[in-house]
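Notes follow the structure.
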Amino acid sequence: MFNTSLFSVVLLATLAFAAPSSRERFERRIARRALGRNSQPRLPADGLDTLTNVSHVQYSSNWAGAVISESKATWTAVTGTFVVPTPSAPSGESTAYASAWVGIDGDTCGNAILQTGVDFNVQNGVVSYDAWYEWYPDYAHSFSGITFSAGDIVTVTVKASSKTGGTATVENVTKGKTVTYTFSGQPSLCEYDVEWIVEDFESGGSLVPFADFGTVTFTNAVATQSSGSTVGPSGATIIDIEQSNKVLTSCSASSSSVTCTYQ
């Protein structure tokens, strides 16, 4: 009896010691669901959506990056590779977030979005990262079994096997780890749009404070049509984030890359 009681005390003490890290991970996953961590279709900016002197540039309150929209195309895949940045909270904020992802639909077609990416989180000076997959209008779900550090090379890819199913894949090239989620029976895609995006996502129905992510460049940026033909982002519509009459990003595209810099 004494040995059993002693074992129980030791076990409880061990669990109590281990609880914080486990609880933090659990709470982060719960927060994504309870607060409704969502990537959204492109939202209009406060007032600059039609005011630009730069060709092919539009403004949004939540998206920055490049979008190819073509209603006659049937986009079935999009991929890009980027280096994980070290985010920081802007002046006056202790907590801020940003997310880099690739996706199908969400610009001209908001019925559904197939997307995957990595969140960059700053919470009271502590930086963390989360990989996720989402078929909007469902919320984002965290991948498990993959971690990131600043400077890691990451490839993100989505593929639509049909308008209601497909895969989301995140590969940490530096660490040699890949995770994939397979969707089926989802709301129908239009397959009109493909995009490479840095986003100020929503939580609890509102945009989160937007992190200074430095620069994110999607290299090897390729979109695939159902015919098998591939294109890069050259000539894509460029989108910059504008909030409270301030432009927060500067994005550009080339034949094989999309670059966004926090301003």
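Quick one: which strands (runs of 3 or more DSSP E) lie wholly within segment 222-263 and hold at least 3 residues that are among the hydroxyl-bearing types (Ser, Thr, Tyr)?
Strands (runs of 3 or more DSSP E) meeting the threshold: 249-253, 258-262.
Answer yes or no: is there a residue in segment 126-142 that is touching a helix residue (DSSP H, G or I) at 6+ places or on another chain (Cβ under 6 Å), in a strand (DSSP E or B) and crowded, with 16+ Cβ neighbours inside 10 Å.
Yes, the conditions are met somewhere in segment 126-142.
Could you say whether any residue in segment 86-106 is over 28 Å from Phe183 (Cβ atoms), modelled with pLDDT under 90 and not small (Gly, Ala, Ser)?
No, segment 86-106 contains no residue that is over 28 Å from Phe183 (Cβ atoms), modelled with pLDDT under 90 and not small (Gly, Ala, Ser).
Ile153 fails exactly one of the following numbered conditions: (1) among the hydrophobic types (A, V, I, L, M, F, W, C); (2) under 25 Å from Asp107 (Cβ atoms); (3) at pLDDT 95 or above. What is the number of that condition?
(2)
For segment 210-247, give me each residue that is surrounded by 22 or more Cβ atoms within 10 Å (Cβ to Cβ) and under 17 Å from Phe120 (Cα atoms).
Phe210, Ala211, Phe213, Val216, Phe218, Ile241
Which of the residues belonging to segment 117-141 are polar (S, T, N, Q) and under 13 Å from Phe201 (Cα atoms)?
Correct list: Asn121 only.
Could you say which residue among Gly110, Gly92 is in contact with a Lys or Arg (Cβ under 9 Å, 6 or more places away or on another chain), under 22 Å from Glu242 (Cβ atoms), of a type in the set (Gly, Ala, Ser) and part of a loop (DSSP other than H, G, I, E, B)?
So the residue among Gly110, Gly92 that is in contact with a Lys or Arg (Cβ under 9 Å, 6 or more places away or on another chain), under 22 Å from Glu242 (Cβ atoms), of a type in the set (Gly, Ala, Ser) and part of a loop (DSSP other than H, G, I, E, B) is Gly110.
Which residue pairs have Cβ atoms under 6 Å apart, sit 6 or more places apart or on different chains, and have a first residue in segment 78-93 that is over 30 Å from Asp193 (Cβ atoms) and in contact (Cβ under 8 Å) with a residue 60 or more places away in the chain and a second that is part of a strand (DSSP E or B) and not β-branched (Val, Ile, Thr)?
So the pair list comes out as Ser88/Asp212; Ala89/Ala96.
Within segment 159-182, does at least one residue satisfy the condition of being in contact (Cβ under 8 Å) with a residue 60 or more places away in the chain, surrounded by 16 or more Cβ atoms within 10 Å (Cβ to Cβ) and not in a strand (DSSP E or B)?
no
Got a sec? Which of Arg29, Arg42 is out of contact with any Leu (no Cβ under 9 Å at 6 or more places or on another chain), crowded, with 19+ Cβ neighbours inside 10 Å and modelled with pLDDT under 90?
Arg42
The values are calculated or read from the model by the stated rules, or taken from the named source; none is laboratory data. Keep in mind that what you see is a predicted model, and the values were worked out from it rather than measured. We place every Cβ from the backbone using ideal geometry, glycine too, and count neighbours over all the protein chains shown.
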